[in-house]
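Novice: Dropping the structure in here first, questions after.
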Amino acid sequence: ELNFSEVAGLWRGGCIIRAALLEDIRTAYAQNPSLPNLLLDGTFAEKLEAAQESTRHIVKLAVDNGIPIPAMMACLSYFDSYRRDWLPANLIQAQRDYFGAHTYERIDREGTFHTKWSDEFKAD
């Protein structure tokens, strides 16, 4: 079992990555060794919340100008997936129901449902 606080401390002392971020990581794991994800640490949550608007702006500009920034886009998507109760990935249930009548659950009603997609949603 790794001691993430110690790992961050070692990186800070012996790596070219001597960013203050490593000290924040070390502190977070020193305060909570069983922290499952840095996004759940108060300090990191505050910093990410404060930076998200400008990050979204940068990603939008990159998309609008055809500039690939896959790492930043992936990071923003990961952040969004952690802070949402409902995800677009839940739409996979609808796709499975469409192709194989596997049913789906809804957030507004109890139970499982099946839709006859080809009958109810025909193209005009």
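Only the coordinates and a few stated rules stand behind these numbers; no lab work does. All values reported here derive from a predicted model rather than from experimental measurement. Every residue, glycine among them, receives a Cβ derived from its backbone with ideal geometry; neighbour counts consider all protein chains shown.
Novice: Quick check on the exposure proxy: order Y29, Y98 from fewest to most C-beta atoms within 10 angstrom. Working shown, then result.
Specialist: Numbers: Y29 21, Y98 16.
Ordered from fewest to most neighbouring Cβ atoms within 10 Å, Y29, Y98 come out as Y98, Y29.
Novice: Taking θ = phi - 60°, what integer Hz values does the Karplus form 6.51 cos²θ - 1.76 cosθ + 1.60 yield along segment 103-118, in sequence order, with x for Gly and Pro?
Specialist: Once rounded to whole Hz, the list reads 6, 8, 9, 10, 8, 9, 8, 7, x, 10, 9, 9, 10, 7, 4, 5.
Novice: For Cα Rg over 2.2 N^0.38 Å, which listed value, [x] 1.54; [y] 1.30; [z] 1.02, comes from the coordinates shown?
Specialist: [x]
Novice: For W86, W117, what ranking results if the residue with the fewest other Cβ atoms within 10 Å of its Cβ goes first? Mind showing how you got there, number by number?
Specialist: Numbers: W86 7, W117 14.
In increasing order of surrounding Cβ atoms, one gets W86, W117.
Novice: Where does the longest stretch of the chain lie that holds no GluC sites (Glu not before Pro) found in a DSSP loop with 12 or fewer other Cβ atoms within 10 Å?
Specialist: Values: sites that count: E1, E110.
Result, exposed sites excluded: 2-109.
Novice: For the chain, what is the calculated [θ] at 222 nm in deg cm²/dmol (nearest 500), taking -39500 (n - 2.57) for each run of four or more DSSP H residues and dividing by its residue count?
Specialist: Numbers: 6 runs with 73 residues, N = 124.
That comes out to -18500 deg cm²/dmol.
Novice: Which of I58, I67 comes first, and how do the rest follow, when ranked by fewest Cβ neighbours within 10 Å?
Specialist: Lowest to highest Cβ neighbour count: I67, I58.
Novice: Roughly how tilted is helix 91-100, in degrees to the nearest 10 and between 0 and 90, from the longest Cα axis of the chain?
Specialist: Taking Cα atoms only, the helix is inclined about 40 degrees.
Novice: How tilted is helix 70-82 with respect to the longest principal axis of the chain? Cα atoms for both, answer in degrees (0 to 90, nearest 10).
Specialist: 70
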